[in-house]
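Scroll down for the structure; my scribbles are underneath it.
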Amino acid sequence: MTLFDHFRRPLKDLRISVTDHCNYRCLYCMPLDDYVWFEKEELLTFEELTRVANVFVRLGVESIRLTGGEPLVRKDLHKLVQQLSTLQGLKDLSLTTNGALLAEKAGALKAAGLRRISISLDTLKPERFREITKKGNLEEVLAGIAAAQHAGFRPIKINTVIMRGVNDDEILDLADFARAQGLIIRFIEYMDVGNVTAWSLEKTVTKKEILQAIQSRYPVIETGRNANRAPAIEYHFEDGGKMGVIGSVTEPFCSTCSRARLTADGKMVTCLFATNGFDLKSMVRSGCSDEELTQTIIAVWSARVDRYSEQRWAAIASGAGYSPQNQKKIEMITLGG
Ligand code: SAM
Ligand code: SF4
Ligand code: SF4
């Protein structure tokens, strides 16, 4: 079956934040000291997650991405992968990670049935890497990429957030690195996620600027969005290989957004910029039936009217002005980037 929201957008993808905890403190993502971390008991167990995910799949979800926070800090994540990989009707199971723990975990994840991996990497300079992530070590991530390749993940995608004045001088170096390693790099416009990341429009390097930088060295041919609903617009290098750009700010794609999110504490959220979600965990823990879960998800998705990025861009383009501080959002580590 296919479930449609108020604007006839189908529910096809589910992002699950398996934990809000993270071993990095990236400057564009991580809330500061006022954030209250979830206790272990507040997180959905693997069994609860699998049960809820199964209901989503029966409602038409084809792909699940595990994310966070940093998903690999959740103990034994491969066991969740194993459980999810048996869901009837699920076509794609993937993971987004900062890569720090991947060297030790890539093999087990592959064996458990994980299909695809995206690894975040914003710079090839060790000192800059430490400045962006606060706690990270570039060597570990490079080792994680190598381990994922060795484990047989193909293709591996690299997620790169470009911030003006931080790493916009590395667009070509990062593209060269990805091309040399056979990785698909996706450049992401810096967004105003969460509440305390000091975003401003000036710091967003636009999709157009990113493409100009790439095309100064490599001719590329645009091939569109995967399945017409992926966030990235893909490009083929004329001499082989692919890359993508996610223009979340300047070219919003809300009209094709088919993603629901499950927060680390079990809330169903229908937009990355949402201010609240529907508490499925309470339902699950008070003994509801699968049918009750199904009807709740149908009701939440059917009523969905989210189009935050389109509204933000309309406000910016009209000159009316836009201030992210006006909106108290759920933090990205809670709801899964
Ligand atoms: N910890 C994992 C990681 O970093 O890959 C998974 C969670 S992270 C929230 C998911 C993705 O969101 C990462 O690729 C990260 O670069 C991206 N992201 C975080 N904050 C962002 C922001 N302000 N703008 C654009 N992308 C952002
Ligand atoms: Fe952690 Fe990923 Fe956010 Fe960085 S982007 S702070 S690694 S959750
Ligand atoms: Fe989807 Fe919300 Fe992002 Fe628009 S702003 S693409 S509705 S998550």
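The values are calculated or read from the model by the stated rules, or taken from the named source; none is laboratory data. Values in this document were obtained by computation on a predicted structure and should not be read as measured data. Here Cβ is always computed from backbone atoms with ideal geometry, including for glycine, and neighbour counts include all displayed protein chains. Just the protein is used for accessible areas: all its heavy atoms, side chains included, with ligands, DNA and RNA removed. Shrake-Rupley method; radii C 1.70, N 1.55, O 1.52, S 1.80 Å.
Data table
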| quantity | calculated |
| --- | --- |
| Considering residues of segment 305-331 that are more than 17 Å from Pro252 (Cα to Cα) and open to solvent by less than 40 Å² (accessible area, probe 1.4 Å) only, the residue nearest to ligand 2 (Cβ to nearest atom) | Glu331 |
| Set Pro252, Pro231: member being open to solvent by less than 30 Å² (accessible area, probe 1.4 Å) and either acidic (Asp, Glu) or closer than 17 Å to Asp306 by Cα (or both) | Pro231 |
| Counted residues, segment 217-239 - those being out of contact with any Lys or Arg (no Cβ under 8 Å at 6 or more places or on another chain), in a loop (DSSP other than H, G, I, E, B) and either among the charged types (D, E, K, R) or within 16 Å of ligand 3 (Cβ to nearest atom) (or both) | 4 |
| Tally, over segment 78-99, of residues that are within 17 Å of Thr334 (Cα to Cα) and away from ligand 3 (no atom under 16 Å from the Cβ) | 3 |
| Residue tally, condition of a type in the set (Lys, Arg), touching a residue at least 24 places away in the same chain (Cβ under 8 Å) and surrounded by fewer than 15 Cβ atoms within 10 Å (Cβ to Cβ), over segment 26-51 | 0 |
| Test: residue in segment 114-133 that is under 30 Å from Asp239 (Cα atoms), away from ligand 2 (no atom under 16 Å from the Cβ), assigned to a helix (DSSP H, G or I) and at pLDDT 95 or above | yes |
| Filtered residues of segment 75-96 (kept if closer than 15 Å to Phe46 by Cβ and either open to solvent by less than 40 Å² (accessible area, probe 1.4 Å) or assigned to a strand (DSSP E or B) (or both)) | Leu77, Leu80, Val81, Leu84, Leu87, Leu93, Leu95 |
| Test for Phe153: is it within 19 Å of the chain's Cα centre (by Cα) and farther than 30 Å from Asn276 by Cβ | yes |
| Candidate set: segment 236-249, residues that are over 18 Å from the mean Cα position of the chain (by Cα) and touching a residue at least 24 places away in the same chain (Cβ under 8 Å); chosen: the one most open to solvent (accessible area, probe 1.4 Å) | Lys242 |
| Matching residues, segment 113-142, being open to solvent by 30 Å² or more (accessible area, probe 1.4 Å), within 16 Å of ligand 1 (Cβ to nearest atom) and more than 22 Å from Asn226 (Cα to Cα) | Leu124, Arg128, Arg130, Glu131, Lys134, Lys135, Asn137, Glu140, Leu142 |
| Qualifying positions in segment 168-207 - of a type in the set (A, V, I, L, M), assigned to a helix (DSSP H, G or I) and crowded, with 18+ Cβ neighbours inside 10 Å | Ile171, Leu174, Ala175, Ala178 |
| Those strands (runs of 3 or more DSSP E) lying entirely in segment 240-279 with at least 1 residues under 21 Å from Ile158 (Cα atoms) and modelled with pLDDT of 95 or more | 242-246, 259-262 |
| Total residues in segment 295-331, condition touching a residue at least 60 places away in the same chain (Cβ under 8 Å), within 11 Å of ligand 3 (Cβ to nearest atom) and in a helix (DSSP H, G or I) | 3 |
| Matching entry among Arg225, Arg259 (being open to solvent by 50 Å² or more (accessible area, probe 1.4 Å) and closer than 26 Å to Met163 by Cβ) | Arg225 |
| Qualifying residue in segment 293-311 (condition: within 14 Å of ligand 1 (Cβ to nearest atom) and under 23 Å from Asn195 (Cβ atoms)) | yes |
| All positions within segment 52-74 that are among the acidic types (Asp, Glu) and either touching a Lys or Arg at 6+ places or on another chain (Cβ under 9 Å) or open to solvent by 10 Å² or more (accessible area, probe 1.4 Å) (or both) | Glu62 |
